[in-house]
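Okay, structure first, notes after.
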Amino acid sequence: VQLADSKFGSMKNEVHDKMKDPATTAEEKKQIQESIKDKSASFKVALAPAKWHQARVEVVGDEMLISIDNQPLGYLKSEGVNHPTKNMVGFTVGGKSTQLDNVKVWEAAVRPDWSKNRSDVLAVLRKQ
């Protein structure tokens, strides 16, 4: 699973153009990748392919949290997640196909206890 800030990460116009430019050297590409490494986060998960799973992605402000089967799996905090024209949720499947069912999107509000819960969630994620 990957969470990404496309606005300031790999899809930022200057970054995208430079990475696609054939004149960009391998060293320059490495430097670009290093400069945006905090704009995405990847998490390994092993799921039974014959079983349905519940996934929830919560985006509030500049924070994004994904849980699968009610267990926190990943977290990203990046300024591009909090831009005023954010209007896209995307699903990308690498390699094989997948099925999505009952996809819902709704407006969220910060829970009053999120500051305390954030610490608990991040502690659980660090143990994984």
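Let's see how each residue does on (1) out of contact with any strand residue (DSSP E or B) (no Cβ under 8 Å at 6 or more places or on another chain); (2) under 30 Å from THR98 (Cα atoms); (3) touching a residue at least 60 places away in the same chain (Cβ under 8 Å); (4) not charged (D, E, K, R):
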| site | (1), (2), (3), (4) |
| --- | --- |
| ASP17 | yes, no, no, no |
| LYS20 | yes, yes, no, no |
| THR24 | yes, no, no, yes |
| GLU28 | yes, no, no, no |
| ILE32 | yes, no, no, yes |
| ASP38 | yes, yes, no, no |
| SER42 | no, yes, no, yes |
| TRP52 | yes, yes, no, yes |
| ARG56 | no, yes, no, no |
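May I ask you to verify whether VAL93 is within 17 Å of the chain's Cα centre (by Cα), open to solvent by less than 70 Å² (accessible area, probe 1.4 Å) and among the β-branched types (Val, Ile, Thr)? Here the answer is no, as VAL93 does not meet what is asked. Of the candidates SER78, SER35, the single residue that is out of contact with any helix residue (DSSP H, G or I) (no Cβ under 6 Å at 6 or more places or on another chain), at pLDDT 90 or above and of a type in the set (Ser, Thr, Tyr) is SER35.
When segment 74-90 is filtered for residues that are outside any loop (DSSP other than H, G, I, E, B), over 13 Å from LYS12 (Cα atoms) and among the charged types (D, E, K, R), only LYS77 remains.
The residues in segment 27-58 that are open to solvent by 90 Å² or more (accessible area, probe 1.4 Å), more than 21 Å from ARG126 (Cβ to Cβ) and in a loop (DSSP other than H, G, I, E, B) can be counted, and the count is 5. Scan THR85, THR98, THR24 and give me the residue that is open to solvent by less than 60 Å² (accessible area, probe 1.4 Å) and polar (S, T, N, Q). Of THR85, THR98, THR24, the one residue that is open to solvent by less than 60 Å² (accessible area, probe 1.4 Å) and polar (S, T, N, Q) is THR24. Figure legend. Inter-residue proximity from segment 100-123: first residues under 15 Å from VAL57 (Cβ atoms), second residues of a type in the set (A, V, I, L, M), beta-carbon distance below 8 Å, spacing 6+ or different chains. Indicated pairs: VAL105/VAL89; ALA108/VAL59; ALA108/VAL60; VAL121/LEU65.
The values are calculated or read from the model by the stated rules, or taken from the named source; none is laboratory data. Being a predicted model, the structure only gives us computed values, none of them experimental. Note that each Cβ is placed from the backbone with ideal geometry, even for glycine, and that neighbours are counted across all protein chains shown. These accessible areas exclude ligands, DNA and RNA; they are computed on the full protein's heavy atoms, side chains included. Shrake-Rupley method; radii C 1.70, N 1.55, O 1.52, S 1.80 Å.
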